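See below for the structure under consideration.
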Amino acid sequence: MAAPKPEEISHPAMDQLQGLEYCIDSNPSWGEAIALGFQHYILALGTAVMIPSFLVPLMGGDDGDKVRVVQTLLFIQGINTLLQTLFGTRLPTVIGGSYAFMVPIISIIHDSRLMKIEDNHVRFLDTMKAVQGALIVASSIQIVLGYSQIWAICSRFFSPLGMVPVISLVGFGLFDRGFPVVGKCVEIGIPMLILFVAFSQYLKNFHARQVPVLERFALLISVTMIWAYAHLLTASGAYRHRPDITQVNCRTDRANLISSAPWIKVPYPLQWGAPTFDAGHAFGMMAAVLVSLIESTGAYKAASRLASATIPPAHVLSRGIGWQGIGILLNGLFGTLTGSTVSIENVGLLGSTRVGSRRVIQISAGFMIFFSMLGKFGALFASIPFTIFAAAYCVLFGLVASVGLSLLQFTNMNSMRNLFIVGVALFLGLSVPQYFRGYTLKALHGPAHTKAGWFDDFLNTIFSSSPTVALFVAVFLDNTLEYKDSARDRGMPWWVKFRQFKGDSRNEEFYTLPFSLNRFFPPS
């Protein structure tokens with residue numbers, strides 16, 4: 001048998017992913033785009049409901065308060081998504097709530113001055129105003145780093161090799177929100193996972209009017225079917241005598257959102273009252289803002305691949321971070337109870353549907369704003385059990401992680417130096433945050449536990465984020481271990497042309513600002 005040719009052994013490295021139906025600036029028909037936008041809206045509901053559902057009761061809030069926070073978060077998600085897709089990176093990314101802010105927010109909730117308040121509603125309002133003040137101050141970090149182009153300068157130390165662990169752990173680092181949640185209600189979680197994989201992969205060649213309906217709308221179809229199935233189980237009394245934790249994760253009527261939601265309610269700035277400011281609260285929140293910045297950096301690069309765009313140039317990435325900082329400022333002004341970051345699950349959905357259109361994401365932002373004001377209708381969709389979303393996360397987070405691994409094609413993975421960096425960064429990126437989370441669950445406080453609460457919040461937040469730990473380890477090792485002689489092994493010849501806006505002719509097509517704004521803000 002003849003020896004195989006080199007091209008038969010390996011596949012050539014490609015700047016853009018192949019097989020995507022619509023890229024960042026190409027659009028499906030209006031009807032299809034609206035349906036896809038609604039699908040992104042449904043997926044974004046998971047985090048928008050989960051964060052307030054966990055935090056509001058800890059603050060002393062009731063179901064009515066929870067509904068208002070969910071509505072406000074969705075409203076600001078829609079506005080921030082529009083701002084980011086129009087004036088930020090211009091990538092098709094949904095800007096949603098972030099779990100990175102949980103540590104400093106829980107610390108504020110447990111502040112002794114707030115815990116002494118006996119009236120639950122007053123405690124809820126005072127805690128909300130304290131969180132708002134911390135978010136408003138901390139948002140300055142991203143605004144300054146973004147618009148001053150400092151983050152663009154920092155990104156010059158990033159290489160494809162250094163970003164592999166960061167992007168991969170943007171997905172892999174969220175493993176605890178996947179199957180561990182599915183396992184809390186396997187009777188709806190497992191069928192959802194099976195249906196989603198079957199429709200999106202095994203039946204993807206089924207077409208109706210030349211549209212791959214099952215592949216493109218796999219999430220929407222699966223959620224509808226399993227939601228109806230879960231409602232049938234709930235109505236039949238299947239969970240009547242089950243433990244509370246099972247009922248919360250399985251029943252469709254435990255969220256109490258529909259009955260508590262107003263018909264029409266428009267969120268507005270300072271709706272909870274004037275924010276209060278505390279230096280310790282703000283400093284702890286700054287750590288969450290830094291984590292959000294790093295996680296979003298990885299997510300933007302993943303979204304660019306799944307939208308068949310080029311890697312965003314340094315100044316475009318920095319511009320997006322600046323607008324994300326404004327988004328966190330809006331979070332603080334309106335009172336969403338969390339900050340903003342790129343929604344990882346929606347980035348994964350770009351790959352699942354093979355549609356990376358910017359217009360689709362802008363339509364989904366319209367749904368967020370519209371249904372946040374129509375309380376009853378928005379609450380109806382928000383009553384979907386979180387287990388259903390967790391099943392979809394098992395696929396979508398994995399897709400984002402694999403995009404990070406795809407950057408290895410531009411590096412030399414026969415180099416022991418590269419193997420060392422990727423392996424150590426991936427392992428520590430998973431292991432260190434797992435230690436911090438496990439320690440916190442057992443001791444009810446993080447490993448950093450001193451008399452300076454703001455210092456504890458800072459360290460516990462930073463080291464609980466997998467992409468953040470991976471960035472510190474990978475970028476440090478990549479820029480200190482034989483870096484002068486390993487530019488080609490690190491993938492820099494491929495990466496360098498995307499650093500400048502005019503380094504690649506395709507950048508102008510993907511990242512130019514609308515309405516001829518580039519005349520006033522010329523690219524660097």
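The values are calculated or read from the model by the stated rules, or taken from the named source; none is laboratory data. These figures come from a predicted structure and were not determined experimentally. Note: ideal-geometry Cβ built from the backbone for every residue, glycine included; neighbour counts use all protein chains shown. Calculation scope for accessible area: heavy atoms of the full protein, side chains included, ligands and nucleic acids excluded. Shrake-Rupley method; radii C 1.70, N 1.55, O 1.52, S 1.80 Å.
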Select, from 20, 91, 83, the only residue that is open to solvent by 20 Å² or more (accessible area, probe 1.4 Å), farther than 28 Å from residue 227 by Cα and either free of Cβ contacts under 8 Å to residues at least 40 places away in the same chain or not in a helix (DSSP H, G or I) (or both). 20
Is it true that residue 470 is of a type in the set (Gly, Ala, Ser) and within 22 Å of residue 160 (Cα to Cα)? yes
Just to be sure, is residue 161 closer than 17 Å to residue 399 by Cα and surrounded by 14 or more Cβ atoms within 10 Å (Cβ to Cβ)? no
Consider residue 433 against the criteria (1) touching a Ser or Thr at 6+ places or on another chain (Cβ under 6 Å); (2) closer than 26 Å to residue 318 by Cα: it satisfies all of them except one. Which criterion is unmet? (2)
Across the stretch 66-80, which residue is surrounded by the fewest Cβ atoms within 10 Å (Cβ to Cβ) among those that are within 18 Å of the chain's Cα centre (by Cα) and hydrophobic (A, V, I, L, M, F, W, C)? 79
If you check residue 461 against the conditions, is it surrounded by fewer than 20 Cβ atoms within 10 Å (Cβ to Cβ) and farther than 27 Å from residue 487 by Cβ? no
In the list 514, 493, which residue meets the criterion of being part of a loop (DSSP other than H, G, I, E, B), surrounded by fewer than 13 Cβ atoms within 10 Å (Cβ to Cβ) and at negative phi? 514
Selection from the stretch 229-249 of residues that are open to solvent by 60 Å² or more (accessible area, probe 1.4 Å) and assigned to a helix (DSSP H, G or I): 229, 231, 232, 235, 244, 245, 248
Conditions: (1) out of contact with any helix residue (DSSP H, G or I) (no Cβ under 6 Å at 6 or more places or on another chain); (2) under 22 Å from residue 225 (Cα atoms). Residue 396 meets all but one. Number of the miss? (1)
Kindly provide the set of residues from the stretch 24-41 that are buried (at least 23 other Cβ atoms within 10 Å of the Cβ) and either in contact with a strand residue (DSSP E or B) (Cβ under 6 Å, 6 or more places away or on another chain) or part of a helix (DSSP H, G or I) (or both), ordered by number. 36, 39, 40, 41
One residue is enough: does the stretch 53-65 have a residue meeting the conditions in contact with a Lys or Arg (Cβ under 8 Å, 6 or more places away or on another chain), open to solvent by less than 10 Å² (accessible area, probe 1.4 Å) and either at pLDDT 95 or above or not in a helix (DSSP H, G or I) (or both)? yes
Cβ-Cβ under 9 Å pairs, at least 6 apart or on other chains, the stretch 175-189 side under 15 Å from residue 226 (Cβ atoms) and in contact (Cβ under 8 Å) with a residue 40 or more places away in the chain, far side surrounded by fewer than 17 Cβ atoms within 10 Å (Cβ to Cβ) and polar (S, T, N, Q): 184/246; 185/246
When only residues in the stretch 168-180 that are surrounded by 21 or more Cβ atoms within 10 Å (Cβ to Cβ) and out of contact with any Pro (no Cβ under 8 Å at 6 or more places or on another chain) count, which is farthest from residue 251 (Cα to Cα)? 168
Go through (1) surrounded by 21 or more Cβ atoms within 10 Å (Cβ to Cβ); (2) modelled with pLDDT under 95; (3) of a type in the set (Phe, Trp, Tyr) one by one and return the number of the condition residue 367 breaks. (2)
